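Asker: A single structure is presented below for examination.
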Amino acid sequence: RATLESAKEFKKVVDTVAQILDEICLIANEDGITARAMDPSHVALVSLEIPRLSFEDYEIEGEKEIGIDLEAFKKIMNRAKSKDKLILELDEEKNKLNVIFENSGRRKFSLALLDISASEIKMPEIEYPAVVMLKGDAFKEALKDADLISDYVILKVEDNKFIVETKGELNDFSAEFDEDSSALISIESQGHAKSAFNLEYLLDMVKGIKAGDIVKLYLGTDMPLKLEYSLGGANLTFLLAPRIE
Amino acid sequence: DGKQITLDSFFKT
């Protein structure tokens, strides 16, 4: 049984993960809740971690695997109201996850569990030549700009600048973040990094980002992008395979 | 704009 203070914040986590995955197996143990899975095409990986400290209340015996249909969970979470607390309660007897919104009253959905097991995927140990921290909404806006021009985007680090660029048949777009840019928090690089990515996936991954959030990007040349940010007490990590010439 | 590859090859290394 786990209680989160803001159902509405957690809704954004579920919304974002559901953009990429159809189902997920949550592992709940005394450290908190984690989950990791690749999308069916193996282009993207999502890793979710909600430390025990993020919960207002957390009770567990042993370790539980909770298979969830994300489309159904998302629909339920969309019913969260701004002052609702969220209680997630595993009913092993009925094989359901109770999703409870608590405010002046108590509204309870019982979500049927899926018979899926947790993936054994570990994050690959990739050494990245460049790490960029920047304001999440600035990154998201640059991706939305690029989306007007093409269906892919190139993310580059060169000369202590982070560049988002794309070329369409007729029109081009680029956004540069250098040390003078208030959106750029830090940039560490050993040489250049340049990789191309599908924009639809990237836009799905940044869906939950709002003003004030900070994203951390790990980049290389023709390497997967690693993207990290925190949302509603959850740490989200994404990997996205590049497009290669 | 290139060809989309998968993550699989990065897990093998």
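Asker: What angle do you read, to the nearest 10 degrees and between 0 and 90, between the alpha-carbon axis of helix A:136-147 and the longest principal axis of chain A?
Answerer: Relative to chain A, helix A:136-147 is tipped by roughly 60 degrees.
Asker: Under 8 Å for C-alpha pairs, at least 6 residues apart: give me the relative contact order for chain A, rounded to a whole percent.
Answerer: Value for chain A: 22 percent.
Asker: Name the residue, out of A:E188, A:E165, A:E228, whose mean-square fluctuation peaks in a Gaussian network model built on chain A with Cα pairs under 10 Å.
Answerer: Between A:E188, A:E165, A:E228, it is A:E188 that shows the largest mean-square fluctuation.
Asker: Using a Cα-Cα cut-off of under 19 Å, which lysines could be cross-linked to A:K94, ignoring same-chain neighbours fewer than 8 residues away?
Answerer: A:K64, A:K108
Asker: Now, a different point. Return the loop-located trypsin sites (Lys or Arg not before Pro) in region A:1-90 (DSSP other than H, G, I, E, B) with at most 16 other Cβ atoms within 10 Å of their own Cβ; answer none if there are none.
Answerer: Passing sites in region A:1-90 are A:R1, A:R79, A:K81, A:K83.
Asker: Among A:G233, A:G168, B:L7, which residue has its Cα furthest toward the positive end of the charge dipole of the protein assembly as shown, with +1 on Lys/Arg Cβ and -1 on Asp/Glu Cβ?
Answerer: Comparing the listed Cα positions along the dipole, A:G233 ranks first.
Asker: Here's a follow-up. Among the aspartates and glutamates, which have Cα under 14 Å from the Cα of A:K11 when same-chain residues fewer than 8 positions away are ignored?
Answerer: A:E71, A:D84
Asker: Kindly identify region A:134-204 as rounded, prolate or oblate by the Cα gyration tensor criterion: order the square roots of the eigenvalues as a ≥ b ≥ c, call it rounded if a/c is under 1.5, otherwise compare a/b with b/c, prolate if a/b is larger, else oblate.
Answerer: Note, shape of region A:134-204 comes out prolate.
Asker: Using Cα pairs under 8 angstrom and six or more residues apart, how large is the relative contact order of region A:34-110, in percent? Could you put the intermediate results ahead of the total?
Answerer: On the way: 68 pairs, mean separation 12.1, N = 77.
Value for region A:34-110: 16 percent.
Asker: On alpha-carbon atoms, Rg over Rh for chain A using Kirkwood Rh?
Answerer: 1.00
Asker: For region A:100-114 and region A:1-37, what is the centre-to-centre distance using only Cα atoms, to the nearest Å?
Answerer: That distance is 15 Å.
Asker: Quick one: dipole size for chain A, taken about the Cα centre, charges +1 on Lys/Arg Cβ and -1 on Asp/Glu Cβ, in debye to the nearest 20. Display every interim value, and only then the final one.
Answerer: On the way: 31 positive and 48 negative charges, 202 e Å.
Around 960 debye, computed over chain A.
Asker: Taking R0 as 22 Å, what's the FRET efficiency between A:S82 and A:L203 from their Cβ-Cβ distance, rounded to 0.05?
Answerer: On the way: r = 25 Å, r/R0 = 1.15.
According to the calculation, E is roughly 0.30.
Asker: What's the average, rounded to a whole number, of partner chain beta-carbon atoms within 10 Å of each residue's beta-carbon in A:236-245?
Answerer: 3
Where a number appears in this text, it was derived from the coordinates with a stated rule and is not lab data. These numbers come from a predicted model, not from an experiment. Because the Cβ atoms are built from the backbone with ideal geometry, glycine has one as well, and the counts that use them run over all protein chains shown.
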